[in-house]
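Rule-based calculations on the coordinates, nothing more; no lab input. Just so it is clear, the structure is predicted and the values come from calculations on it, not from any experiment. Cβ coordinates were reconstructed from backbone atoms using ideal geometry, including for glycine residues, and neighbour counts include every protein chain displayed.
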Amino acid sequence: MSDLLFRPLQADEFPLFHRYGPVPASGVGLRPRPFEELGYRSGWVWVASRGDEVVARAAFWAPEGSDRPAFLDWFDPGHGDDRVETGAALLEAALTGLFPEGDTRPEYHLFLPVGWQEQPDALADATDRIDAAERLGWRRTVERLNLRWLPEYGLPPRSVRLTFTPADDDETVLGLLARVAGDSLDSWDRRTSAEKGAEATARETLTALAGYPGGRSRWRLAHDASGALVGVVMPTSNDSSATVGYVGVDPAHRGHGYSGDLVTEALHIFAAEGEPQVYDNTDLGNVPMAASFARLGYRVTGHRMVLM
């Protein structure tokens with residue numbers, strides 16, 4: 001281990017990141033977009049090298065406007081017998097360099113292929129990365145389904161039982177989001193509500209989504225035939241594609257399949273604007289939402305494990 005050099009790369013050194021190889025044939029860690037399109041920044045990309053050989057690598061990312069990394073989302077610990085130790089040492093060096101005060105550890109997002117647990121090579125590659133991260137204190141919190149919808153999959157018919165209006169009144173939106181968060185199957189909602197309360201969770205959700213590049217002009221409130229407010233859908237776009245963003249059904253109106261109506265409304269908005277694709281995700285454990293996406297024609301493109 002003493003012969004290894006751990007260091008960050010400046011942007012003009014990023015070609016060194018690609019000296020690592022071979023990449024996992026299992027698809028573990030594979031991203032749908034190339035490295036050059038993902039917006040990594042100088043000093044946030046790290047390598048472990050032995051002489052001229054890059055033996056491990058890690059890249060951290062944050063949305064535009066953030067001055068500190070929010071996620072570790074690219075990590076390859078190496079191939080030798082000491083790969084877990086090498087990977088853990090690289091992560092320790094990177095965390096020390098990026099967070100010298102030691103009070104922060106970004107989320108680690110590990111991208112996984114469909115059926116990864118049933119594929120021995122994928123399971124082994126994932127286990128190496130998880131074991132290295134756990135040595136630094138990361139713990140598995142949730143696994144999500146990554147989903148994609150394309151217009152060629154077919155646009156589901158628009159809801160005839162709900163009426164949609166712009167979600168431009170913050171107090172109405174916040175009240176609904178608080179009710180949803182207080183009785184949610186989403187792991188982030190549950191965890192944040194337990195830590196900060198439903199109202200603070202609602203405000204964080206609204207603030208975060210309003211800050212997306214797609215803004216909030218496409219957000220919609222949904223009312224049933226009696227005029228009762230039953231849900232909200234918050235279509236937007238992130239740095240790479242359109243995304244539904246958030247779907248919430250008031251607990252008093254669950255059990256009627258309204259989540260499908262809400263997502264369908266978002267898809268019609270996107271289709272009218274000519275969006276070529278829509279990417280979304282939902283917790284693996286949120287079975288009703290996963291089923292709703294499937295009924296609307298979404299296809300699972302992979303899994304994402306979140307470690308915190």
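So how tilted is helix 170-181 from the main axis of the chain? Cα-based, degrees 0 to 90, rounded to 10. Compared with the principal axis, the helix lies near 70 degrees. Here's how it looks for A242: its modeled amide H is under 5 Å from those of Q277, Y279, which are all 5 or more places away or on a different chain.
Taken along the Cα-to-beta-carbon direction at a fixed 7 Å, the label points for S42 and H256 span 5.6 nm.
Across W149, W44, W188, mean-square fluctuation computed from a Gaussian network of the chain (C-alpha pairs under 10 Å connected) peaks at W188. Two-decimal Rg/Rh of the chain from alpha-carbon positions, Kirkwood Rh? Reported Rg/Rh (Cα atoms, Kirkwood Rh): 1.00.
Among rounded, prolate and oblate, which fits the range 56-158 when a ≥ b ≥ c are the square roots of the eigenvalues of its C-alpha gyration tensor, a/c under 1.5 means rounded, and a/b larger than b/c means prolate? In terms of gyration-tensor shape, oblate. Across q = 0.24 Å⁻¹, the range 259-308 modelled as identical point scatterers on its alpha-carbon atoms has Debye log10 I(q)/I(0) values of -0.98, in the order of the q list.
This ranking places S240, S2, S226, S26 by how few other beta-carbon atoms lie within 10 Å of each, fewest first, which gives S2, S226, S240, S26.
Where does the chain land at 222 nm, in deg cm²/dmol rounded to the nearest 500, when only DSSP H runs of n ≥ 4 count, each adding -39500 (n - 2.57), divided by all residues?
-9500 deg cm²/dmol
Put in order of Cβ neighbour count within 10 Å, fewest first, the listed residues S237, S217 become S217, S237.
Roughly what angle does helix 198-210 make with the longest principal axis of the chain, taking Cα atoms, 0 to 90 degrees, to the nearest 10? The angle comes out near 80 degrees.
Computed over the chain with a Gaussian network model linking Cα atoms closer than 10 Å, the most mobile of A133, A11, A89 is A11.
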